[in-house]
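Readers should treat all values here as calculations from the given coordinates under stated rules, not as data from a laboratory. Remember, predicted model here, so these are calculated numbers, not experimental data. Cβ sites come from the backbone with ideal geometry, for glycine too, and all protein chains shown count toward neighbours.
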């Protein structure tokens with residue numbers, strides 16, 4: 001290993017190697033230039049158009065994710081003119097023709113977000129860079145939605161958010177290329193507040209347990225504001241890590257705090273665990289300050305309610321949609337989903353189905369796939385027949401406005417899917433807000449692209 | 001005196017099969033060729049490695065992995081595993097908290113973007129510095145113990161870092177949501193030089209935005225440099241000292257050496273490698289999340305190293321690539337993709353095959369990875385590199401003289 005040895009590598013081989021290295025280094029740019037010269041990212045050239053469905057298949061929101069994937073597959077089927085067409089028959093105003101999008105057959109790729117921002121972005125990048133996805137949809141966590149949405153803005157690919165309830169998604173982190181059909185925490189607060197006051201009275205003391213990320217923070221804030229306006233007092237707010245599993249250490253202090261309402265800003269399996277444990281602790285039989293102790297779940301999910309079983313009975317919360325709603329869009333979609341998979345769809349599934357249909361329709365309306373045209377077709381679009389009644393895609397923040405459901409765990413469910421009953425359908429006007437209250441800016445229509 | 005001892009150790013090393021990687025002599029290749037020295041082999045290894053890495057966009061094409069993001073990940077996690085292997089492979093100290101350095105490197109790089117400039121050079125340097133400082137602290141504490149106690153200490157400290165990043169230090173790390181580069185960040189250096197940023201904020205090297213293929217070539221270049229440095233460390237007298245620590249620390253102490261400074265130094269170097277990898281993650285995608293520091297991420301780098309072959313120079317890089325490949329490609333296979341892959345079979349057979357295989361792909365990619373890991377650990381304790389070496393020996397035993405030099409280098 002002396003220096004003499006080192007020179008024994010012949011000069012010639014070193015030269016050869018460096019020449020080879022240099023040509024290798026230069027060549028990809030040469031070949032790839034053409035591919036990257038396209039003005040917009042992944043414009044479809046063949047006879048298919050690829051959509052990317054990025055859902056959590058592992059982690060605390062995996063149940064939702066798999067249900068979302070089912071809805072996406074159903075939407076693709078319906079767009080391609082297979083199956084019974086589902087809510088495509090009730091959706092209006094519709095430009096869809098049932099032969100794919102703009103005559104191109106819809107294909108899809110799927111990926112696992114793992115409910116982690118890093119993994120979700122890696123998965124979305126794969127869809128964009130490798131699979132040529134024209135649009136990314138899905139996700140069941142606001143942290144992921146915000147992360148993927150900003151990635152999509154960078155690359156110029158439209159992101160149709162799945163289940164994301166944080167105010168930030170269309171608030172301070174809104175993006176020109178991101179759209180949300182689902183409702184948000186602010187709307188939950190506005191819808192739920194009056195019902196809570198009506199059911200539980202105006203002098204309550206609330207204790208919040210909150211999932212420690214963007215969705216939990218904004219939901220806690222929204223519910224706190226809404227209830228405090230009604231005269232409630234907030235005793236304490238405690239943040240719990242996502243996917244904690246065991247919540248007993250957070251639940252124990254609740255009963256000694258003097259609070260008489262527990263608000264669980266949790267979702268997915270976190271919700272199942274914390275709600276179950278709270279019920280096991282006997283909280284619902286307790287009397288505090290001379291009143292019955294109550295538990296509130298501001299954001300409900302059917303899958304979560306199924307997981308929590310008996311524990312959800314009589315517990316109030318809000319939902320974006322329920323399969324038992326009495327309107328044509330809901331019936332058509334629930335029937336089609338039920339025939340395909342043997343169970344009713346969740347609200348996560350419905351929002352993903354609606355998003356896919358809305359995107360496809362916007363492409364048809366625009367008559368082209370270029371993102372700026374599609375975005376303009378979606379902005380300010382008013383429609384009905386996808387299950388939520390009259391809905392507006394507001395242009396200022398890309399948020400959908402539609403009635404919000406206040407739901408309650410059913411006392412006497414007739415079957416395993418009949419878990420929630422709709423207490424009230426809160427009209428759109430009551431949950432509408434000024435887009436400027438959350439700040440943020442949408443950014444440009446034209447981006448450099450991938 | 002020191003030299004003598006080193007020579008002694010080296011001699012011992014040559015006769016010890018454990019050290020085969022570093023000093024294994026080539027068998028005589030016929031009377032007319034001069035036997036190659038280890039240094040020759042190193043140069044060939046580096047050149048071959050450079051070519052293999054830079055040619056990834058082509059040879060990964062049939063595997064469906066030739067897209068910038070995944071190749072960036074290959075290179076970045078290659079650096080991470082390479083650094084981890086310097087510690088684990090050479091000294092045998094199994095750190096179970098290496099992801100802490102990766103995460104801290106990412107945070108430091110994003111903060112450099114936020115506070116100083118979007119240029120990546122300060123980001124990389126700052127990230128390595130911060131990771132190095134953290135390595136001094138963690139190393140100083142945990143290197144007081146060895147074996148399982150060392151592993152547990154590093155694991156505990158790394159989990160502490162993770163929990164700090166996740167909740168307590170939310171103002172610095174933005175908790176679960178992750179730290180992002182925002183338009184209204186100060187960026188004092190850019191402001192001082194009057195650099196304006198158009199469009200999306202991305203790390204750049206003198207105007208070239210480090211995403212896509214430029215991002216990959218940046219990571220690849222740094223991987224090659226990291227590879228070279230790792231090789232030099234392994235071959236140096238210092239590397240020999242580290243091996244001595246692994247084989248018999250007591251004997252080393254008796255000869256008058258204090259292993260602690262050596263250990264701490266390699267721990268810091270290893271931490272800085274991880275910091276560099278973390279910085280590159282933040283450069284190619286300006287976002288830093290706490291999940292990068294979680295113990296699963298620390299476990300992942302251990303898996304990568306053992307899968308590829310601990311103590312070998314290129315094994316960990318190979319292991320990193322395999323795990324990232326599984327995570328990104330296998331997890332994306334769904335039933336319809338499987339069905340089309342087996343469409344050449346008769347329909348009933350195709351359905352059967354798809355049913356059998358579907359639990360192993362898509363959300364079941366962890367299962368496949370676990371099985372692969374078990375097979376490797378049981379049958380090839382030296383990792384995939386051992387497998388390659390065995391295959392090479394087997395082939396050489398059968399077809400003597402027909403082997404070319406490149407085959408050997410692939411095995412190295």
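Worth pointing out:
- Alpha carbon centroid spacing (whole Å) that separates region B:238-269 from region A:181-212: 61
- Rg to Rh quotient for chain A, alpha carbon positions, Kirkwood Rh: 1.07
- Distance between the modelled labels on residue B:233 and residue A:437, one decimal in nanometres: 5.4 nm (7 Å Cα→Cβ projection).
- The slack in the chain from residue B:249 to residue B:188, taken as 0.36 nm per residue of separation less the alpha-carbon distance, amounts to 17.1 nm.
- Dmax and Rg, reported as Rg then Dmax, of the protein assembly as shown (C-alpha, Å): 29.2, 100
- Geometric descriptor of region A:186-319, per residue, is 90 Å³ (volume of the convex hull of the Cα atoms).
- For region A:256-333, the calculated P(r), taken from all Cα-Cα distances in 5 Å bins from zero up to the bin holding the longest distance, is 3, 14, 24, 21, 14, 11, 6, 3, 2, 1 percent.
- Calculated Rg and Dmax of region B:271-412 using C-alpha coordinates, Å: 18.9, 54
- Exposure proxy ranking, count of Cβ atoms within 10 Å, fewest first, for A:281, B:227: A:281, B:227
- Alpha-carbon spread of chain B, three principal axes, descending order, Å: 70, 68, 41
- Inter-label distance, nm, simple model (7 Å from Cα along the C-beta direction), residue B:152/residue A:280: 2.8
- Region B:100-257: equivalent-ellipsoid semi-axes (sqrt of 5 x gyration tensor eigenvalues, Cα, Å): 36, 22, 12
- For region A:291-305 versus region A:69-137, the gap between their alpha-carbon centres in whole angstrom: 32
- For region B:216-273, the percent of C-alpha pairs falling in each 10 Å distance bin, counted from 0 to the bin holding the largest distance, reads 21, 44, 22, 10, 2.
- Relative compactness, region B:87-158, computed as alpha-carbon Rg over 2.2 N^0.38 Å: 1.25
- For region A:56-152, the equivalent ellipsoid derived from the Cα gyration tensor has semi-axes of 26, 15, 11 Å, listed largest first.
- Per-residue mean of C-beta atoms belonging to partner chains within 10 Å, peptide A:124-136: 4
- Each of A:78, B:398 was scored by other Cβ atoms within 10 Å of its Cβ. Listed from fewest to most, they are B:398, A:78.
- Burial ordering of B:56, A:271, A:160, B:160, fewest other beta-carbon atoms within 10 Å first: B:160, B:56, A:271, A:160
- Percentage relative contact order, chain A, counting C-alpha pairs under 8 Å, at least six apart: 19
- Build a GNM of chain A with springs between Cα atoms under 10 Å apart, and of A:50, A:252, A:351 the one that fluctuates most is A:252.
- Residue-averaged beta-carbon neighbours from other chains (10 angstrom radius) around B:203-211: 1
- Kirkwood Rh and Cα Rg combined as Rg/Rh, region A:253-409: 1.09
- Taken residue by residue and averaged, Cβ atoms of other chains lying within 10 Å of the Cβ of B:145-155 number 0.
- For the protein assembly as shown, calculated [θ]222 nm from helices alone, where every DSSP H run of n ≥ 4 adds -39500 (n - 2.57): -17000 deg cm²/dmol
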